[in-house]
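Contents: one structure, followed by commentary.
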Amino acid sequence: MEAIQQKYHELTQGHLDKKNHSYESRVDHLIALRKLILENENMILEALNKDLGKSRFEGVISETLFLVKEIDHTLKKLKKWMKKKRVSTPFLQFPARSYIIPEPIGVVLIISPWNYPFQLLISPLIGALAAGNMAILKPSEVAPNVSSVVARLIPKYLSKSIVSVVEGAVAETQALLDLPFNHIFYTGNSHVGRIVMEKAAKHLCPVTLELGGKSPCFVDKNNDLDLVAKRLLWGKFFNTGQTCVAPDYVLVEEEVRSPLIEAMKAVLKDFYPMGAKESPDYGKVINKRHFLRLESYLSEDEIVIGGERDIESLYFSPTILEASEDSLSMKEEIFGPILPILAVKNFDDALTFINQRAHPLAAYAFSKDNELLNRFREEVTAGGMCLNDSLVHLTNEGLPFGGVGESGMGSYHGKKSFDIFTHYKSVMKRGLLIDLPVRYPPYAAKESLIRRLLNWLG
Ligand code: NAD
């Protein structure tokens, strides 16, 4: 654990030496990160394939290219984000000027999970570097190939006084959490999220917690079910269902449950003509522990599509269940290729069902009825929402990404990533020529004067 402390001290020194404070140094480091991704894209995609069976296409759009796009957006906006902002000053303080100055917060810790092991580690790093900070990256040990690629590549492109990688599992993460970071950015399950927050409290360290939960999807009877099935199943089975914002379960109006399931059968045939097992576009479950966890959600009599699986190759077919509120699959977040479909009488029942549960990370609704979609938008609280599609709201840098309540705290992407890792310092600079005596003791008779003055100034 001495090595961890050493890395932390090098970064602290880097911060004291202001090695990433200037606009130029931040740009240099972001460009170095961009080069790291593009010059080693094949190696990264291969590691993703080894860990998750992730197809090249999915790896490109959700990991490497996704990050390059984010870096480019950040580089384009950075100068503007870094500008100090002048704000007005109350007349009573005249003469004075007031500013808000964005400044780096210091050394930050980024802990990531295994499902998008590269993107979820590097995306917060973009914000941290853009905001002028130093960072320790803690990749997930559950995706060992990506973890080792990151550990090898980072020192080749970024100095150890700017970014360090600590590989390992619980012991290493706990050792890191004992250090007084200036911010901890954690993505993963809520059990560990609580541990992170507890440890951070010791140092009064602010945290961002990107957690998960059961993201609902409502399907109205007023719909083009073929299109709904296509958009919904793409979001569900992308990355083999191991996506924090994947639709976790579907609430469908009862008269269209069977037609929706029929439409889903046809869609899966189109997606994987030779079957998902033979398809290079369908991945695998991350490991045996998660495979067994997923298996425990199955009741054979509920399976209407799929259910085939093989623990040796970690293949778990796209599986659709005709489920109910009491089903095993409705107890906790699924985080894999199982989709329970529950019938509801109507939209109001769906709203009640959703609102009785913890606020999800994402909520989805499909309908041709705009009024219904507006009600869904107004009456459901979720980290984010996508109407008439799934997942794609994440691709808009203008939309902050994060949870609410049980699904997390804090949000990032685009300017929000910069904000998370920035301290907005308030500064007022007073002039010396005029000095109103009204605020100084003795205070006798000054209260009514100050009241009248403030009233007059509005
Ligand atoms: P994981 O097992 O890789 O754990 C995440 C990180 O926590 C790892 O780096 C791990 O080393 C560390 N860790 C594990 N146990 C620890 C402990 N006891 N003390 C300290 N650190 C510990 O990933 P996971 O938690 O299985 O990830 C899946 C969960 O993450 C799901 O709930 C999913 O919804 C959520 N998730 C959320 C987002 C988001 O952006 N909101 C993204 C992806 C995943």
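Could you list all residues from segment 172-208 that are near the ligand (Cβ under 9 Å from one of its atoms), outside any helix (DSSP H, G or I) and open to solvent by 60 Å² or more (accessible area, probe 1.4 Å)? Explain how you work it out, then say what you get.
So the first thing to find is which residues in segment 172-208 are near the ligand (Cβ under 9 Å from one of its atoms), and the list is 172-174, 176-177, 186-193, 195-196, 199.
Subsequent filtering for residues that are outside any helix (DSSP H, G or I) retains 186-189.
Passing the criteria: only N189.
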Near pairs, Cβ below 9 angstrom, 6+ apart or cross-chain, from segment 63-88 (outside the structural domain of N42 (by TED's automatic domain parsing) and touching a residue at least 24 places away in the same chain (Cβ under 8 Å)) to any residue that is of a type in the set (S, T, N, Q) and not in a helix (DSSP H, G or I): none
Any chance E254 is assigned by TED's automatic domain parsing to the domain that holds A323, open to solvent by 70 Å² or more (accessible area, probe 1.4 Å) and closer than 22 Å to A363 by Cα: yes
Cβ pairs under 9 Å, 6+ apart, first in segment 158-173 and at positive phi, second assigned to a helix (DSSP H, G or I) and within 16 Å of the ligand (Cβ to nearest atom): G168/I4; G168/S147; G168/A175; G168/L176
Count - residues of segment 61-114 that are within 16 Å of the ligand (Cβ to nearest atom) and of a type in the set (D, E, K, R): 2
Selected residue (criterion: most open to solvent (accessible area, probe 1.4 Å)) from residues of segment 137-160 that are over 22 Å from I126 (Cβ atoms) and near the ligand (Cβ under 9 Å from one of its atoms): E141
Enumeration of residues in segment 161-171 that are away from the ligand (no atom under 12 Å from the Cβ) and either in contact with a Lys or Arg (Cβ under 7 Å, 6 or more places away or on another chain) or assigned to a helix (DSSP H, G or I) (or both): S161, I162, S164
Number of the exception - E58 against (1) within 23 Å of the chain's Cα centre (by Cα); (2) open to solvent by less than 10 Å² (accessible area, probe 1.4 Å): (2)
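Does L225 satisfy the condition of being crowded, with 18+ Cβ neighbours inside 10 Å, more than 8 Å from the ligand (Cβ to nearest atom), over 28 Å from H29 (Cα atoms) and not hydroxyl-bearing (S, T, Y)? Even if it seems obvious, please write down each step before you answer.
Details: crowded, with 18+ Cβ neighbours inside 10 Å: yes; more than 8 Å from the ligand (Cβ to nearest atom): yes; over 28 Å from H29 (Cα atoms): yes; not hydroxyl-bearing (S, T, Y): yes.
The answer is yes for L225.
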Of all residues in segment 282-329 being away from the ligand (no atom under 16 Å from the Cβ) and part of a helix (DSSP H, G or I), the one that is surrounded by the fewest Cβ atoms within 10 Å (Cβ to Cβ): E300
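Restricting attention to segment 119-173, which residues are basic (K, R) and over 21 Å from T208 (Cα atoms)?
Going residue by residue through segment 119-173, those that are basic (K, R) are 138, 152, 156, 160.
Scanning segment 119-173 gives R152, K156, K160.
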Residue satisfying all of: in segment 358-374; out of contact with any Asp or Glu (no Cβ under 9 Å at 6 or more places or on another chain) and either in a helix (DSSP H, G or I) or open to solvent by 10 Å² or more (accessible area, probe 1.4 Å) (or both); farthest from the ligand (Cβ to nearest atom) among these: E371
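The values are calculated or read from the model by the stated rules, or taken from the named source; none is laboratory data. Please read all numbers here as calculations on a predicted model, not as lab measurements. Cβ atoms come from the backbone with ideal geometry, glycine included; neighbour counts cover every protein chain shown. Ligands, DNA and RNA are stripped out before the accessible areas are found, and what is left, the full protein with its side chains, is counted by its heavy atoms. Shrake-Rupley method; radii C 1.70, N 1.55, O 1.52, S 1.80 Å.
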